[in-house]
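**Student:** Questions regarding the structure given below will be posed in turn.
The values are calculated or read from the model by the stated rules, or taken from the named source; none is laboratory data. This is a predicted model, so every value here is computed, not measured. Positions of Cβ are backbone-derived with ideal geometry, glycine not excepted, and every protein chain shown enters the neighbour counts. Just the protein is used for accessible areas: all its heavy atoms, side chains included, with ligands, DNA and RNA removed. Shrake-Rupley method; radii C 1.70, N 1.55, O 1.52, S 1.80 Å.
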Amino acid sequence: MTAPFTESLRPPRGFMFDLDGTLILSDKALGGYQLLPGAVDLLMHLQDRGTPFLALTNGSAYPAAQQGPRLRALGLPIPDTHLFTPNSVAGHLFRERGFGRVLVLGTQGVVDALAGEGIATVRPGEDGATSADAVYVAWHPECGMADIHAACEAVLGGAALFSASDVPFFASRSGRAFGYSCAIGGAIARVSGQEPEVTGKPSLHAMHFVAAKLGVPAADIVVVGDDPKVETEMARAGGAMGIGVTTGTTSAAEWAAQPDERRPHRVIDSLTELAALGLLA
């Protein structure tokens with residue numbers, strides 16, 4: 001489909017892909033993956049041409065070293081060095097801001113990912129939790145009130161508040177799956193009066209991170225994703241080109257109804273249609 005999405009497209013120099021709803025569909029427990037049509041062939045084509053690409057998911061449950069092998073087992077040629085999460089962006093941001101200790105509301109995978117980025121972390125209930133420099137909310141399905149209490153105490157004491165994502169749902173094989181960091185961050189914000197700063201998509205932190213990793217100006221990057229409030233909003237804010245897919249959370253009719261700041265340059269029903277847009281020449 002093209003109309004009414006008729007903006008001119010620039011020759012791309014790099015690609016960023018979402019995972020869930022774009023390249024794969026996970027189950028709601030994030031334990032199993034299903035490939036979406038055209039994903040493997042598309043990435044293999046880009047790899048053969050030497051076109052830079054990476055995957056940036058808003059899922060924060062696993063570090064690349066754990067998730068990457070599972071994606072490659074499906075045939076997706078994504079090395080760990082080209083697979084990123086909000087934790088990757090957060091680690092970069094926390095180093096820039098000089099945070100000495102970050103209170104993490106998340107799974108062990110989140111802690112491991114930040115440790116891999118050189119960030120000192122603490123968990124709720126541990127010494128120093130309420131005096132941390134920052135609070136980071138990520139994938140935390142077992143979050144309890146004690147966790148939220150510790151985070152609120154830290155934020156009320158002056159800690160900066162961050163969230164991996166503020167998206168309430170993401171696409172899965174069985175429909176919409178719940179975004180825990182959005183709900184947990186909302187609870188902390190309601191008590192503390194401080195809204196979380198988002199590290200994942202659609203933040204400009206994430207867009208700038210993508211451009212730096214690809215070594216390409218944002219204007220020359222194609223961002224492919226299934227959520228107008230996530231990938232497309234980030235692409236628009238950062239000056240990149242946005243391609244929306246209907247294989248995830250958003251139907252063709254819903255894409256057509258988006259406001260300008262969430263309106264993609266093109267909408268496709270399958271990754272196999274990218275070639276017809278002239279983006280792979």
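**Student:** Considering the stretch 157-167 alone, what residues qualify as being in contact with a helix residue (DSSP H, G or I) (Cβ under 7 Å, 6 or more places away or on another chain) and open to solvent by less than 50 Å² (accessible area, probe 1.4 Å)?
**Tutor:** Listed by number, the residues that qualify are 161, 162, 163, 164, 165, 167.
**Student:** Okay, moving on. Please specify each residue of the stretch 249-264 satisfying the condition of being open to solvent by 30 Å² or more (accessible area, probe 1.4 Å) and either closer than 20 Å to residue 203 by Cβ or in contact with a strand residue (DSSP E or B) (Cβ under 9 Å, 6 or more places away or on another chain) (or both).
**Tutor:** Scanning the stretch 249-264 gives 249, 252, 256, 258, 259, 260, 261, 262, 263.
**Student:** Just checking, does the stretch 207-214 include any residue being over 24 Å from residue 95 (Cβ atoms), free of Cβ contacts under 8 Å to residues at least 60 places away in the same chain and under 19 Å from the mean Cα position of the chain (by Cα)?
**Tutor:** Within the stretch 207-214, not a single residue is over 24 Å from residue 95 (Cβ atoms), free of Cβ contacts under 8 Å to residues at least 60 places away in the same chain and under 19 Å from the mean Cα position of the chain (by Cα).
**Student:** So for the stretch 233-240 (the condition being of a type in the set (A, V, I, L, M), more than 30 Å from residue 124 (Cβ to Cβ) and open to solvent by 50 Å² or more (accessible area, probe 1.4 Å)), does at least one residue qualify?
**Tutor:** Yes; the residues of the stretch 233-240 include at least one that is of a type in the set (A, V, I, L, M), more than 30 Å from residue 124 (Cβ to Cβ) and open to solvent by 50 Å² or more (accessible area, probe 1.4 Å).
**Student:** So residue 272 fits all but one of (1) touching a residue at least 60 places away in the same chain (Cβ under 8 Å); (2) buried (at least 24 other Cβ atoms within 10 Å of the Cβ); what number is the exception?
**Tutor:** (2)
**Student:** Restricting to the stretch 82-97, count the residues that are in contact (Cβ under 8 Å) with a residue 12 or more places away in the chain and either in contact with a strand residue (DSSP E or B) (Cβ under 7 Å, 6 or more places away or on another chain) or open to solvent by 50 Å² or more (accessible area, probe 1.4 Å) (or both).
**Tutor:** Total satisfying the criteria: 8.
**Student:** Sort out which residues of the stretch 98-125 are exposed (fewer than 14 other Cβ atoms within 10 Å of the Cβ) and either among the charged types (D, E, K, R) or in a helix (DSSP H, G or I) (or both), and write them in order of number.
**Tutor:** Within the stretch 98-125, 108 is the sole residue that qualifies.
**Student:** With respect to the numbered conditions (1) free of Cβ contacts under 8 Å to residues at least 60 places away in the same chain; (2) surrounded by 21 or more Cβ atoms within 10 Å (Cβ to Cβ); (3) within 24 Å of residue 138 (Cβ to Cβ), which one is the sole condition not fulfilled by residue 200?
**Tutor:** Answer for residue 200: the failing condition is (1).
**Student:** Can you name the residue in the stretch 31-72 that is among the small types (Gly, Ala, Ser) and modelled with pLDDT under 95 and is also most open to solvent (accessible area, probe 1.4 Å) among such residues?
**Tutor:** Filtering first and then ranking leaves 65.
**Student:** Same structure again: For the structure I just gave you, tell me whether residue 170 is assigned to a strand (DSSP E or B), open to solvent by less than 10 Å² (accessible area, probe 1.4 Å), aromatic (Phe, Trp, Tyr) and at negative phi.
**Tutor:** So residue 170 fails the test.
**Student:** Right, another one. What pairs can you find where one residue is in the stretch 141-156 and under 18 Å from residue 102 (Cβ atoms) and open to solvent by 50 Å² or more (accessible area, probe 1.4 Å), the other is among the hydrophobic types (A, V, I, L, M, F, W, C) and part of a helix (DSSP H, G or I), and their Cβ atoms are less than 9 Å apart, with a gap of 6+ or different chains?
**Tutor:** Hits for this filter: 149/191; 153/129; 156/191.
**Student:** Out of the residues in the stretch 126-140 that are in contact (Cβ under 8 Å) with a residue 24 or more places away in the chain and over 23 Å from residue 88 (Cβ atoms), state the one that is least open to solvent (accessible area, probe 1.4 Å).
**Tutor:** 129
**Student:** Right, here's the next one. Enumerate the pairs (first residue in the stretch 11-35 and of a type in the set (Gly, Ala, Ser); second residue anywhere and open to solvent by less than 30 Å² (accessible area, probe 1.4 Å) and at pLDDT 95 or above) with beta-carbon separation below 6 Å, excluding pairs fewer than 6 apart on the same chain, so at least 6 apart or on different chains.
**Tutor:** 14/214; 14/216; 14/221; 21/226
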